1. Please determine, by comparing only the residues of the stretch 186-218 that are outside any loop (DSSP other than H, G, I, E, B) and among the aliphatic types (A, V, I, L, M), which one is farthest from Phe370 (Cα to Cα).
2. Which strands (runs of 3 or more DSSP E) sit wholly inside the stretch 346-428 and have at least 3 residues that are over 20 Å from Leu199 (Cα atoms), in contact with a strand residue (DSSP E or B) (Cβ under 7 Å, 6 or more places away or on another chain) and at pLDDT 95 or above?
3. With respect to Gln297, determine if the residue is touching a residue at least 24 places away in the same chain (Cβ under 8 Å) and either open to solvent by 50 Å² or more (accessible area, probe 1.4 Å) or among the aliphatic types (A, V, I, L, M) (or both).
4. From the list Ala291, Ala283, Ala277, which residue is among the aliphatic types (A, V, I, L, M), in contact with a helix residue (DSSP H, G or I) (Cβ under 7 Å, 6 or more places away or on another chain), open to solvent by less than 20 Å² (accessible area, probe 1.4 Å) and under 29 Å from Val518 (Cα atoms)?
5. Could you tell me which numbered condition Ala317 fails, if it satisfies all but one of (1) open to solvent by less than 40 Å² (accessible area, probe 1.4 Å); (2) in contact with an Asp or Glu (Cβ under 9 Å, 6 or more places away or on another chain); (3) outside any loop (DSSP other than H, G, I, E, B)?
6. Tell me, which residue of the stretch 456-481 that is of a type outside the set (Ser, Thr, Tyr) and under 19 Å from Leu395 (Cα atoms) is most open to solvent (accessible area, probe 1.4 Å)?
Amino acid sequence: MNALISVSDKSGVVELARALHELGVRLISTGGTAKLLAEQGLPVTEVAEVTGFPEMLDGRVKTLHPKIHGGLLARRDHPDHMAALHRHMIHTIDILVVNLYPFENTVARPGCTLEEAIENIDIGGPAMVRSGAKNWKDVAVLTDAAQYQPVVDELKASGQLSQKTKFALAVAAFNRVSNYDAAISDYLSALQEDGSRSLFPAQSNGRFVKLQDLRYGENPHQQAAFYRDLYPAPGSLAAAQQLQGKELSYNNIADADAAWECVKSFDAPACVIVKHANPCGVAIGKDPLEAYSKAFQTDPTSAFGGIIAFNRPLDGAGAQAVSKQFVEVLMAPDFAPEALQVFAGKANVRLLKIALPPGGERPWDRGQNFMDVKRVGSGLLMQTADNRELTLGELKCVTKKTPTSDELEDLLFAWKVAKFVKSNAIVFCKAGMTMGVGAGQMSRLDSARIASIKAQHAKLSLQGTAVASDAFFPFRDGLDVVVDNGATCVIQPGGSMRDQEVIDAANERGVAMVFTGVRHFRH
């Protein structure tokens, strides 16, 4: 057997080459890889010896040769193929080990120039990978260091690789080349005349990896699957580890994402309960138990069968409280042994463990998407994700009455929650707890009424509450509803032609109103 090894990332390649050599495989390699293997005392034949042609053009041309691609593409079960190899003194290549120039890493560096990007576009590597993968029945193509040890183990055990293994390697190889070409296309088609890069390339190439097939989609007559980004952000839902419970459904995943994105936006211990894609209870507390108890109070009826998320490890006391209600999915950065024991007897409850993101300047570091997409007929709408985080210093009081320090904290809390409520959103909050949530209505006035009705059903008083509206009140009637129910301060984006009418109404009613200049529409 002959193995051709040509890698940019040399992690694990010496160990692989040594294992192949011990199995009697002849080693062929290129430039830097050949030098490394020789320095480790391994017998290696340079590609230039095989082709009879030296590397040239600064290494741009070395494996683009019939003696390489003939050895990869020849079908062993075709006598005329094998006869052609014999006539031209070409040896078969049975194992190909290639990883490509680091194009993705290069263009991800700040200040990367077009010249640097172009020099890191691999030509010979993808060509060999495609040749070997096309001839997968005869050639095993390794494109990732994670494949090395399993391949060695199988060779040691049986002396050859199964067709199943070689086909899986070929699929992975074509996927790698596809992702590589997509990265090049994304980069080049985003370049502007001045050298800057557009957020929206001329061609967008989605790259996703299937995590699992789902039993059905949003409705039982629909089929569905769950995919993750090629490089998922730490602390995002796609990085979750399911500890127990039934398989997640399409709706479970959608609601779990809403709950997780909301809960991780709080610094204090928090709990978020989501039902049908909307938070029905959100609260902060000194620990998970207190946060959950407050969140549950907002809307106990809707919380039944909901999705619950914590931004702190769940302890036994918190788990005991949650276990008293029917819950579909429970998420936390970790679960204490006592918490796991509480749910051990509830086999259908899905427990998801998700580490909080490390934090940083980039959305990726905060476990957030950089782009959001929405499917429309034969197209996509793309936009930068709504990752804006409002600070206290950005608030602009527009009324005679100014909020107290406690009211300002409640306003910011209400604003965070409103971001995750379907528009038109109205959220009443007090003391780090939602008191009434109105979501998804065509009229903001109806959302305000629904929020107050929810509070009445939960036997919660709205006196002294802070209210967040994800867009401006177009008329004073919505403001009057929230004030009539006890609100003393309101936060909204502002920016309407009718702002003055609503400001005048707030002054007349003696409430404080602050503008953010930011809107949060969630559809």
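The values are calculated or read from the model by the stated rules, or taken from the named source; none is laboratory data. Since the structure is predicted, the reported quantities are computational estimates derived from the model, not experimental observations. Note that we place each Cβ from the backbone using ideal geometry, even for glycine, and neighbour counts take in every protein chain shown. Heavy atoms of the whole protein, side chains included, go into the accessibility calculation; ligands, DNA and RNA do not. Shrake-Rupley method; radii C 1.70, N 1.55, O 1.52, S 1.80 Å.
1. Here the answer is Leu214.
2. 350-353
3. In short, yes.
4. One residue alone meets the criteria, Ala283.
5. All conditions are met except number (1).
6. Applying the filter and picking the extreme gives Phe472.
Residue-wise test of (1) open to solvent by 30 Å² or more (accessible area, probe 1.4 Å); (2) in contact with a Cys (Cβ under 6 Å, 6 or more places away or on another chain); (3) not basic (Lys, Arg).
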{"site": "Thr391", "(1), (2), (3)": "yes, no, yes"}
{"site": "Lys401", "(1), (2), (3)": "yes, no, no"}
{"site": "Ser423", "(1), (2), (3)": "no, no, yes"}
{"site": "Ala431", "(1), (2), (3)": "yes, no, yes"}
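Every residue, every condition in (1) surrounded by 12 or more Cβ atoms within 10 Å (Cβ to Cβ); (2) within 20 Å of Ala268 (Cα to Cα); (3) of a type in the set (A, V, I, L, M, F, W, C), yes or no:
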{"site": "Ile307", "(1), (2), (3)": "yes, yes, yes"}
{"site": "Pro313", "(1), (2), (3)": "yes, yes, no"}
{"site": "Gln325", "(1), (2), (3)": "yes, no, no"}
{"site": "Asp334", "(1), (2), (3)": "yes, yes, no"}
{"site": "Lys346", "(1), (2), (3)": "yes, no, no"}
{"site": "Leu352", "(1), (2), (3)": "yes, no, yes"}
{"site": "Arg366", "(1), (2), (3)": "yes, yes, no"}
